[in-house]
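Below: the structure, in structure tokens.
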Amino acid sequence: MASFLALMLEYWPQVLSGLGNTLLLAAVISVTGLAGGVAVFYLAISGGPLRRRLTEGYISFFIGTPLIVLLFLMYYGLPQWGLKLTPFTVAVIGFTLNVAAYNARYLMTAFRGLDPDELQAARAQGFSDLQVFQLVILPQVLRLSVPALTNQVILNLKDSSIAFLIQYAEFFAQMQDLAIRSFRFLDAYLVAGAVYLALVSVVVVAARWLERRYVLPGVRRAR
């Protein structure tokens with residue numbers, strides 16, 4: 001292991017670049033996935049039966065479809081139609097569509113726990129549907145969904161490792177390359193696992209702080 005760590009230091013610029021790409025992708029898809037989830041959630045509760053069926057179909061499709069299939073379809077399939085996207089663009093689009101579906105489902109679950117009388121009271125005071133959503137519904141469902149949403153961020157960080165399969169130069173891709181160069185596969189994967197564990201641990205600590213700070217009183221927190 002000591003000799004492998006020495007070799008890793010030799011290739012440190014590439015490893016560090018890969019780690020930066022991993023953090024960038026995880027951060028971007030966490031933000032875009034949340035924004036997309038809020039948008040899908042709004043469409044699901046603000047429209048008629050047809051819109052609700054369409055949004056439910058969107059959620060079911062992207063939750064039920066393996067993410068790697070979606071990434072491969074865009075990265076390897078679209079060029080056959082003359083559309084070639086960069087690995088980062090494909091990863092952001094694919095992950096965003098997938099993560100937005102999960103986040104919308106979390107928000108829908110939280111929405112079902114709201115008091116209908118509170119929403120009726122807001123409308124009775126003259127609030128428009130958009131104002132009710134912005135001022136009453138969204139703040140509450142976000143707070144109710146903090147445990148699920150923060151767990152999704154953790155999943156985003158871990159799942160970002162599959163982006164190396166579409167040639168995105170993230171951390172695991174660099175460790176894989178280092179393993180091939182050195183033939184030290186066990187050492188490379190142990191180090192990669194330790195790094196991911198450290199990163200996830202940081203996110204977990206931050207997530208638990210958010211839960212303590214923002215979860216509504218009386219809501220049972222995830223352990």
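The values are calculated or read from the model by the stated rules, or taken from the named source; none is laboratory data. All values reported here derive from a predicted model rather than from experimental measurement. Positions of Cβ are generated from backbone atoms using ideal geometry, with glycine treated the same way; all protein chains shown enter the neighbour counts.
Tabulated data for the structure shown
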item	result
Total residues in region 208-218, condition touching a residue at least 60 places away in the same chain (Cβ under 8 Å) and assigned to a helix (DSSP H, G or I)	3
Residue within region 29-50 that is within 24 Å of Ala163 (Cα to Cα) and aromatic (Phe, Trp, Tyr) present	no
Long-range neighbours under 6 Å by Cβ, at least six apart or interchain, first residue without any contact (Cβ under 8 Å) to a residue 12 or more places away in the chain within region 181-206, second of a type in the set (A, V, I, L, M, F, W, C)	Phe185/Ala179
Any hit, region 111-132, residues being at pLDDT 90 or above, closer than 18 Å to Phe41 by Cα and over 18 Å from the mean Cα position of the chain (by Cα)	yes
Condition check for Ser60: within 21 Å of Pro139 (Cα to Cα) and either hydroxyl-bearing (Ser, Thr, Tyr) or surrounded by fewer than 14 Cβ atoms within 10 Å (Cβ to Cβ) (or both)	no
Subset of region 77-103 (residues that are of a type in the set (Ser, Thr, Tyr) and either surrounded by 14 or more Cβ atoms within 10 Å (Cβ to Cβ) or in contact (Cβ under 8 Å) with a residue 40 or more places away in the chain (or both))	Thr96, Tyr102
Flag if Ile180 is among the aliphatic types (A, V, I, L, M) and modelled with pLDDT of 90 or more	no
Spans of helices (runs of 4 or more DSSP H) in region 1-95 with at least 3 residues under 19 Å from the mean Cα position of the chain (by Cα) and not hydrophobic (A, V, I, L, M, F, W, C)	12-46, 49-64
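Table: residues versus (1) crowded, with 22+ Cβ neighbours inside 10 Å; (2) closer than 23 Å to Leu67 by Cα; (3) without any contact (Cβ under 8 Å) to a residue 40 or more places away in the chain.
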| residue | (1), (2), (3) |
| --- | --- |
| Leu107 | yes, yes, no |
| Ala122 | no, no, yes |
| Gly126 | no, no, yes |
| Phe133 | no, no, no |
| Asp159 | no, yes, no |
